[in-house]
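A.B. asks: Have a look at this one.
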Amino acid sequence: MLFNSYTFIVFFIVILILHSMRFAWKVKKINLLIASYIFYAAWNPPFVLLLWLSTTVDFFVGRALYNEDNKRKRKLLLVISLIGNLGMLSFFKYGGFILDNFVTMVNALGFNYHPANPGIILPAGISFYTFTTLCYTIDMYKKESQPVKSILDFSLFVTFFPHLVAGPIVRPNQLVPQFQSPKKATRHQLVNGLFLLSLGLFMKVVMADTFLAGPADTVFTAQNSLLPLDAWMGVLAFSGQIFFDFAGYSTCAIGVAMCLGFTLPQNFRFPYAASGFSDFWRRWHMTLSAWLRDYLYIPLGGNRKGSVRTYVNLMLTMLLGGLWHGASWTFVVWGALHGIYLCAERWIQQIRNKTQLQTPHYIPAVAEGKQAARASMVPSFFTNLFTNQFVKMLFVFFFVTIAWVFFRSADFATAWRLLSSMFGRVNNGAALLPTLDIIKVSVITVALLGTHWLMRQSSVADLIKKINWKLLGIVWAVMVILLVLSQKSSDSFIYFQF
Amino acid sequence: MQTKNLLKAGILGLVLVTTFILGWEGYWRSKGYVATYNDDKVLWANKRHEAYQSKEKATVFIGSSRIKFDLDIPTWESITGEKAVQLALVGTSPRLLLEDLANDKNFKGKLVMDVTEVLFFSDAPFVNKSSREAIGFYHKQTPSEKLSSLVDFALESKLTFLEESRFSLTSLSNEIPIQNRPGVFVFPSFPKSFSWTTYDRQTYMPDIFLSDTNAIKGVTGVWAMLGSDPTPAVDGNALTQIFKEVKTNIDKIRSRGGKVILVRTPSSGPFAMGEAMKYPKEKYWNQLVAYTQSEGLHYQDNPVTKVLTCPEWSHLAPKDAVTYTEQLVQSLEQKGWFSTDEVTHNTLTN
């Protein structure tokens, strides 16, 4: 079920009514659990079985892991859980990809092998709930937290419909304690939640789908080379679309949970205001970044095993992060680019740190007036430019946007054609986008960057606290009116496919 | 912000949104618009489910926009007592729709296929875009989407401004007159009042369109622009391949006991002249009918339908659609369409 559907509106009203009635807390939790299964089954009923399987296996294996002291048995249990979770993910998400690559390889070796298309359907949100359950069993293996006592609480933790299909990826300690005592939204939480739901839908339906999806789709499906203006506008449109689409979903999820009295972790914090690539990943899909850091990067050794190993760990983490997004080599390249960005940033940071350590040696030189000579070689304007946070933000946005080309392109040919067009490396590129689209993308991109810059140290919650209620009411109304006017020009959330 | 202020903001927002919706609806109603349905893949999928009715109870129609305007469903249903399942799609070739029904083993009914040569014999990507989307949507429609569509239809039946092609943000912003750069092709917009659609997917031109000469000129302008397309008509092997493909699909339906007949609905003025020049009847229509061993009902072969005039060159006005439908039913009766026997295949005309 999509948040941007009439079905969800009806569903959510029923849930709100049921949740506000005077049932016992256990009954309310059962209601929420049944609602969550209905929410998922409304997309494809048979795939609920996978959810049940994943939940049951991880609940019992998790408990056994925590209680078992025998090392060999513990490892065996962990392997069972990993095979269960990752096996399911590999089959449904990577089955076709693995087969395609195998076929390409054996054909390259001279074997004429052409199997039938396996036609595997990807269950919605499998990457998200697999990571949710995986972190529980790994925590149990490490004995980092207590096992969840009730299968009802554990099932609800895995299945709770606001986060189920596209995150935020929650950890047991973020959600399970909230199920242990009765939760009902206060009036403040309810109105705040409805505001966030409106904001999320506005981001998704109006900004992503109505304004930006069209130019992005037109450019990314073009069969010919384009003029640099058109290529850049299409790629910038996608930069905006992917943010509004995914951050919109997370905002809806947080708002919906808030209306029921629950708190979900923040997933986006104005990412295009990032002043560095590591800062970007602290702001973009924060729950996935934290998951990859805690369950992949740190177990690989993080930065504790020397400089070279740190770079290797960074690259591995980002490559797997890329593959998590989609079963295609273009996603791997997207991940690799971010890995390279992070490695380069770290390397530059290390050089700067070394230079700063050497700075005391220059102090006497300054006193002798030698600093002036140095300054004349590197003008202060230039130095200031590169330490200026706003310029850093634009620099990061530029490289992140380049990486989105691989993320959105159906294949490498499209990606290269677009990159060549963007940098004027083609002759006779075509003009493609209507003037109205160019205006829309330009205005939205400037507004997006401006908003992220101004809000970089703040949050929507802070803004709501500060703003005059009349202005908030008008802004809210404008968002909903545009939402109503956008009508059905909306589609699935991009991250559903992940 | 205090809870009280947040609540006040919410109430203010609600008042403003409600005021806007009432005002917006009232404004369009005052301009002569009424609540109609979005003629999209959702409504198409809803009707596609009805294609499985038995031969005695329903006839399925596929084609491009012409049959949607020219078949008057109330007239058809009142004369024949049968349901008309309208599955034609605006701006598309019906060949993919035919293929979809041919490959659906549960479809064993009666099928009328309208042929608009300029779309039927084209393989340009845009010609199959809507049909591909609609067919894909129908086969993959989720339970949630089905339920949403029911709420959607209920709202569309009451609210005028929910007609997406006329009043959505995208449609309204596309009306802003901004010059495009040389080489940028943008499909011209039809006047807002042009085509209205009912729940049965009957499309018609309302009086506010038919009485507006500027709006009619707007539509004929679009046809004139499309008619100036220099791409030559399909010929030779490619044409034979199309005939083969159509015959294969028709044969599949017939092999299951289904019936198929081809129709050519009226066109007028310069558009009809252009069609006749680019797609001569003898070479395209007659050959298609002969190759597929089908019955064909061409509007020019019937003295009544021959003189019908399309106000904007391509579709009949509602009153003429009634006449056309009466003639169509009569011709089909002569072919044994409403009997349980096979349609006779001995003549090409009615």
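Each reported figure results from applying straightforward, stated rules to the coordinates on display, with no laboratory input. No experiment lies behind these values; they were computed from the predicted model shown. So basically every Cβ, Gly included, is an ideal-geometry build from the backbone, and we count neighbours across all protein chains shown.
A.B. asks: Which lysines have a Cα less than 18 Å from the Cα of B:LYS4, not counting those fewer than 8 places away in the same chain?
C.D. replies: A:LYS465, A:LYS466, A:LYS470
A.B. asks: Let me ask something else. Past the 25 Å Cα-Cα mark, which pairs from A:LYS204/B:LYS146; B:LYS41/B:LYS281; A:LYS440/B:LYS158; A:LYS440/B:LYS8?
C.D. replies: B:LYS41/B:LYS281; A:LYS440/B:LYS158; A:LYS440/B:LYS8
A.B. asks: To the nearest 0.05, what FRET efficiency results for A:LEU76 and A:MET455 with a Förster distance of 60 Å applied to their C-beta separation? Let's see the in-between values first.
C.D. replies: Numbers: r = 49 Å, r/R0 = 0.82.
Efficiency at R0 = 60 Å is approximately 0.75.
A.B. asks: Same structure, new question: Return the aspartates and glutamates within reach of A:LYS143: Cα separation strictly under 14 angstrom, same-chain partners fewer than 8 residues apart disregarded; answer none if there are no such residues.
C.D. replies: A:GLU68, A:ASP69
A.B. asks: If you rank A:PHE161, A:PHE423 by fewest surrounding Cβ atoms within 10 Å, what's the result?
C.D. replies: A:PHE423, A:PHE161
A.B. asks: To the nearest 10 degrees, how steeply does helix B:3-30 sit against the main Cα axis of chain B, on a 0 to 90 scale?
C.D. replies: Helix B:3-30 sits at roughly 40 degrees to that axis.
A.B. asks: Here is a further query. Roughly how far apart, in whole Å, are the Cα centres of region A:27-104 and region B:168-221?
C.D. replies: Region A:27-104 and region B:168-221 have Cα centres separated by 51 Å.
A.B. asks: Related question: Report the one residue of B:LEU87, B:SER228, B:ALA134 whose Cα lies farthest in the direction of the positive end of the charge dipole of chain B (charges on C-beta: Lys and Arg +1, Asp and Glu -1; origin at the Cα centre).
C.D. replies: Positive-end residue among those listed: B:ALA134.
A.B. asks: Can you put A:PHE238, A:PHE277, B:PHE153 in order of Cβ neighbours within 10 angstrom, beginning with the fewest?
C.D. replies: B:PHE153, A:PHE277, A:PHE238
A.B. asks: Projected onto the charge dipole of region A:6-184 (+1 at Lys/Arg Cβ, -1 at Asp/Glu Cβ, origin at the Cα centre), which of A:LEU156, A:SER20, A:ILE80 gives the Cα projection farthest towards the positive end?
C.D. replies: Farthest towards the positive pole: A:SER20.
A.B. asks: OK, next. Per-residue Cβ counts within 10 Å, from other chains only, averaged over A:5-12: what number is that?
C.D. replies: Counting other chains' Cβ atoms within 10 Å and averaging over A:5-12 gives 5.
A.B. asks: Now a separate question. Where in chain A are the DSSP H helices whose C-alpha atoms run 30 Å or more along the long axis and whose mean Kyte hydropathy is at least -0.5?
C.D. replies: Values: long enough: A:228-259 (45 Å, 1.12); A:329-367 (55 Å, 0.07).
Correct list, ordered by number: A:228-259, A:329-367.
A.B. asks: Using Cα centres only, tell me the gap between region B:48-109 and region A:259-281 in whole Å.
C.D. replies: Spelled out, the Cα-based centre of one part sits 51 Å from the other.
A.B. asks: Still on this model: For the residue pair A:LEU463 and A:ASP100, what label-to-label distance in nm results when each label sits 7 Å from Cα along the Cα-to-beta-carbon direction?
C.D. replies: 3.8
A.B. asks: Here is a follow-up. Give me B:LYS319, A:LYS93, B:LYS68 sorted ascending by neighbouring Cβ count inside 10 Å, so fewest comes first.
C.D. replies: Ascending number of Cβ neighbours within 10 Å: B:LYS319, A:LYS93, B:LYS68.
A.B. asks: Residue by residue through B:164-171, how many Cβ atoms from other chains fall within 10 Å of the Cβ on average? Could you put the intermediate results ahead of the total?
C.D. replies: On the way: counts 4, 1, 0, 2, 7, 12, 8, 3.
Mean partner-chain Cβ count within 10 Å for B:164-171: 5.
A.B. asks: Can you give the average number of partner chain beta-carbon atoms within 10 Å of each beta-carbon in peptide B:178-187, as a whole number?
C.D. replies: 5
A.B. asks: For A:VAL443 and B:LEU7, FRET efficiency with R0 = 51 Å and r from the beta-carbon atoms, rounded to 0.05?
C.D. replies: With a Förster radius of 51 Å, E is 0.95.
A.B. asks: For region A:6-184, rounded, prolate or oblate, judged on the Cα gyration tensor with a ≥ b ≥ c (square roots of eigenvalues), a/c < 1.5 rounded, else prolate if a/b > b/c?
C.D. replies: Oblate shape, in that a/c is at least 1.5 and b/c is the bigger or equal ratio.
A.B. asks: For region B:91-167, give the magnitude of the charge dipole about the Cα centre (Cβ charges: +1 Lys/Arg, -1 Asp/Glu; no others), in debye to the nearest 20.
C.D. replies: Rounded to the nearest 20 debye, it is 240 debye.
A.B. asks: Quote the relative contact order of region A:6-184 in percent (integer), defining contacts as alpha-carbon pairs under 8 Å separated by 6+ residues.
C.D. replies: Once divided by the residue count of region A:6-184, the mean separation gives 32 percent.
A.B. asks: Hey, another quick one. Taking 8 Å as the Cα distance limit and 6 or more residues as the minimum spacing, I'd like the relative contact order of chain A as a percentage.
C.D. replies: It rounds to 20 percent for chain A.
A.B. asks: Continuing with this model, one more query. Using a cut-off of 14 Å between alpha-carbon atoms, which aspartates and glutamates can reach B:LYS278, once sequence neighbours fewer than 8 places away in the same chain are excluded?
C.D. replies: Once the sequence-local aspartates and glutamates are set aside, what remains near B:LYS278 is B:GLU117, B:ASP229, B:ASP235.
A.B. asks: Please state the shape class of chain A: rounded when a/c is under 1.5, otherwise prolate if a/b exceeds b/c and oblate if not, all from the C-alpha gyration tensor.
C.D. replies: In terms of gyration-tensor shape, rounded.
A.B. asks: Further question on the same structure: Does region A:379-488 come out rounded, prolate or oblate, given a ≥ b ≥ c as the square roots of the eigenvalues of its C-alpha gyration tensor, rounded meaning a/c under 1.5 and, failing that, prolate meaning a/b above b/c?
C.D. replies: Since a/c reaches 1.5 but b/c is at least a/b, the shape of region A:379-488 is classed as oblate.
A.B. asks: Determine, from the Cβ-Cβ distance of A:GLU144 and A:LEU49 and an R0 of 25 Å, the FRET efficiency 1/(1 + (r/R0)^6), rounded to the nearest 0.05. Could you put the intermediate results ahead of the total?
C.D. replies: Values: r = 30 Å, r/R0 = 1.20.
E between A:GLU144 and A:LEU49, to the nearest 0.05, is 0.25.
A.B. asks: I need two numbers for the protein assembly as shown: Rg to one decimal and Dmax as a whole number, Cα atoms only, in Å.
C.D. replies: For the protein assembly as shown, the Cα-based Rg and Dmax read 31.1, 111 Å.
A.B. asks: To continue, here is another question. Do the sum for the protein assembly as shown: with -39,500 (n - 2.57) for every DSSP H run of n ≥ 4, divided by all residues, what is the mean residue ellipticity at 222 nm, to the nearest 500 deg cm²/dmol?
C.D. replies: -19500 deg cm²/dmol
A.B. asks: Could you point to the residue in B:SER144, A:THR310, A:LEU197 farthest towards the positive end of the protein assembly as shown's charge dipole, with +1 and -1 charges on the Cβ of Lys/Arg and Asp/Glu respectively?
C.D. replies: Value: A:THR310.
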